[in-house]
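One structure is given here, and the rest of the page talks about it.
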Amino acid sequence: MLILHHYYRMERFYIFNALLAIYGAVFAIESVSALADGSTSLPIILGSIAGIGLVSASVYEMITGSPSDFEVGDIGFWAVVLGVVALLSLQILEITQIVG
């Protein structure tokens, strides 16, 4: 039973950090594409910096972090999961409206 608990904790560690990286990538891609189009404003610049920083921090944590030290509660974990699912759903909806 202890082995299964350790595996569960390790799995959550990588899922959590991968979802944070996806969340940051959405912000970075959207902001960097707006900057490439010539739009410059403080929110766009901060969004691109925050998105790139979140991706970098998540990847760094996955490479150097230890799954056994992962301490995020169930509410925090599921908030990130549902937040990323909602964000990706809205992005897909936005893309289909642009294309259609």
Kindly list, by first and then second residue, each pair from a residue in segment 1-21 that is among the polar types (S, T, N, Q) to a residue that is at pLDDT 90 or above and in a helix (DSSP H, G or I), limited to pairs with Cβ atoms under 7 Å and residues at least 6 apart or on different chains.
Asn17/Ser58; Asn17/Glu61; Asn17/Met62
Among residues of segment 16-62 being crowded, with 16+ Cβ neighbours inside 10 Å and of a type in the set (Ser, Thr, Tyr), the residue nearest to the chain's Cα centre (by Cα) is Tyr23
Can you tell me which residues in segment 51-72 are part of a helix (DSSP H, G or I) and touching a Phe, Trp or Tyr at 6+ places or on another chain (Cβ under 6 Å)?
Gly51, Pro67
Of a type in the set (S, T, N, Q) and either modelled with pLDDT of 90 or more or touching a helix residue (DSSP H, G or I) at 6+ places or on another chain (Cβ under 6 Å) (or both) - does that describe any residue in segment 61-71?
yes
Mind checking which residues of segment 67-100 are touching a residue at least 24 places away in the same chain (Cβ under 8 Å) and either out of contact with any Asp or Glu (no Cβ under 9 Å at 6 or more places or on another chain) or loosely packed, with under 13 Cβ neighbours inside 10 Å (or both)?
Ser68, Phe70, Val72, Phe77, Val80, Val81, Gly83, Val84, Leu87, Leu88
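The values are calculated or read from the model by the stated rules, or taken from the named source; none is laboratory data. A quick note: this is a predicted structure, and the numbers were derived from the prediction, not measured. So basically every Cβ, Gly included, is an ideal-geometry build from the backbone, and we count neighbours across all protein chains shown.
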